[in-house]
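This report concerns only the one structure given below.
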Amino acid sequence: MASPVNHHLEARRLAQKRLPRMVFDYIDGAAGQETAASTNAADLALVKLAPRVLADLQPPDLGMAFLGKPCALPFGIAPMGMCNLAWPGADLVLASMARQMGLPLGVSTAASTSLERMFKDSGGQAWFQLYVSGSADAGLALAQRAAQAGYDTLVLTVDVPKVAPRPRDVRNGFQMPFRMGPRQFVDFAVHPRWSLATLWAGAPALANFDGGTAGFDRHASRAGANWAFLERLRGQWRGRLIVKGVMHPDDAERIARMGVDAIYVSNHGGRQLDAAPSAISALHQIRQRLGPNFPLVFDSGVRTGEDIVKALACGAHLVMLGRPVLYALAAGGEAGLQQWLAGLREELWVTLSQLGLSRIQDVGPQNLASTPFPQG
Ligand SMILES: Cc1cc2nc3c(=O)[nH]c(=O)nc-3n(C[C@H](O)[C@H](O)[C@H](O)COP(=O)(O)O)c2cc1C
């Protein structure tokens, strides 16, 4: 019987208990000293919302639109590779959740379920996330395959020209496929429930590549995603194009001029550059540079309903959730995810009511009391 997982800290605690250390650290870890990951959280904590009282509150309306499509909630699920390590069949749980709840779901190039299956099971809610790990032509061919599968939204991730070493992964000898040394053997043996369930479901492979796990080298350069590639991709991809991993206003401005539909502000949850500024401070700067209307997606460090509202107030049009989704799945599978999402909705409602608002669409900079970044 799964325990109630209505808060991200409880979900994380249970995930840590249930997952082999190597898997928990792959999800939870970050680059370097993990400073960027903690700065994401620290700066979000320093964004203060302005409580307002005596408003005539109506039943809450958490729906909004993003790029002309209705979204039932102001958030979606960030693309993450190898989710099935958190829970057997996690990808499909996410797909059916996205379909039922009307949430955008990022499907990673490195997903453990094929992009075709994910699109179908998500009822068309899935966005395909593209890594250019081989030649530009191979990248364009993968985008073409996504278009054929029906995807109308492509997310090009540009902040992994090279995968940053994550000290916890290095220490644990994390690699795909797993290399079974004595250390890994003990780690799996002391987590028999996870090990048996994962073995039973079939060890997760990289389903978008013919060679399975062998078809995609996690450590190969992904620097094929350059300006020239973006231009070619924009010329070829007829659907909505989002560029993920943008932190600098100059880059944002240039990308916006290239006719992309949205920019996804993110520092990859602190998993790439330990010295990166917080993603929320970059969001604030980029919003100032691009003006109030250019569509911006945001992730990195978002854990609660208050965090979502803070990101919206700092200029995001849609907020994506990363690690906490995997904590909730690892903690309790589908039931765990549902409990956690129910908690998140409740937090959104409470936060809105504290701001004197009934509709999430009404959140804006006027709801900020103070921020840790210069206004101007
Ligand atoms: C386990 C894991 C795998 C990830 N895999 C990908 C990926 O394949 N493609 C990608 O664009 N981002 C990937 N990311 C980054 C997420 O999309 C997102 O930017 C990040 O998790 C947000 O930060 P948060 O975890 O603090 O919410 C991954 C993140 C995690 C935790």
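The values are calculated or read from the model by the stated rules, or taken from the named source; none is laboratory data. Computed from a predicted model, the values in this text were never measured in an experiment. Ideal geometry is used to build each Cβ from the backbone, glycine not excepted, and the neighbour counts take in all protein chains shown. With ligands, DNA and RNA removed, areas are computed over all heavy atoms of the protein, side chains included. Shrake-Rupley method; radii C 1.70, N 1.55, O 1.52, S 1.80 Å.
Observations
- Residue count for the stretch 3-22, restricted to those that are open to solvent by less than 30 Å² (accessible area, probe 1.4 Å), more than 19 Å from the chain's Cα centre (by Cα) and within 15 Å of the ligand (Cβ to nearest atom): 3
- Residue 41, sole failed condition from (1) within 16 Å of the ligand (Cβ to nearest atom); (2) part of a strand (DSSP E or B); (3) of a type in the set (Gly, Ala, Ser): (2)
- Figure legend. Inter-residue proximity from the stretch 256-285: first residues without any contact (Cβ under 8 Å) to a residue 60 or more places away in the chain, second residues assigned to a loop (DSSP other than H, G, I, E, B) and more than 15 Å from the ligand (Cβ to nearest atom), beta-carbon distance below 9 Å, spacing 6+ or different chains. Indicated pairs: 256/294; 263/294; 263/295; 265/315; 282/248; 283/314; 283/315.
- Only residues that are open to solvent by 60 Å² or more (accessible area, probe 1.4 Å) and not hydrophobic (A, V, I, L, M, F, W, C) were counted in the stretch 188-199, giving 2.
- Each residue in the stretch 56-70 was checked for being crowded, with 18+ Cβ neighbours inside 10 Å and polar (S, T, N, Q), and 0 of them qualify.
- Qualifying residue in the stretch 23-43 (condition: of a type in the set (Gly, Ala, Ser), open to solvent by less than 50 Å² (accessible area, probe 1.4 Å) and at positive phi): yes
- Any hit, the stretch 77-91, residues being within 25 Å of residue 357 (Cβ to Cβ) and in contact (Cβ under 8 Å) with a residue 24 or more places away in the chain: yes
- Selection of the stretch 320-376 for residues being β-branched (Val, Ile, Thr) and farther than 29 Å from residue 125 by Cα yields only 371.
- Qualifying positions in the stretch 356-376 - part of a loop (DSSP other than H, G, I, E, B), of a type outside the set (Gly, Ala, Ser), modelled with pLDDT of 95 or more and more than 25 Å from residue 322 (Cβ to Cβ): 357
- Within the stretch 293-306, residues that are closer than 15 Å to residue 361 by Cα have Cβ atoms under 6 Å from residues that are polar (S, T, N, Q) in these pairs: 305/351; 306/351, counting only partners at least 6 apart in sequence or on another chain.
- Those residues of the stretch 264-281 which are crowded, with 24+ Cβ neighbours inside 10 Å and touching a strand residue (DSSP E or B) at 6+ places or on another chain (Cβ under 9 Å), in sequence order: 264, 265, 266, 267, 268, 279, 280
- Contacts under 9 angstrom Cβ, first residue in the stretch 1-18 being at pLDDT 95 or above, partner open to solvent by 40 Å² or more (accessible area, probe 1.4 Å) and not in a loop (DSSP other than H, G, I, E, B), 6 or more apart: 11/339; 18/193
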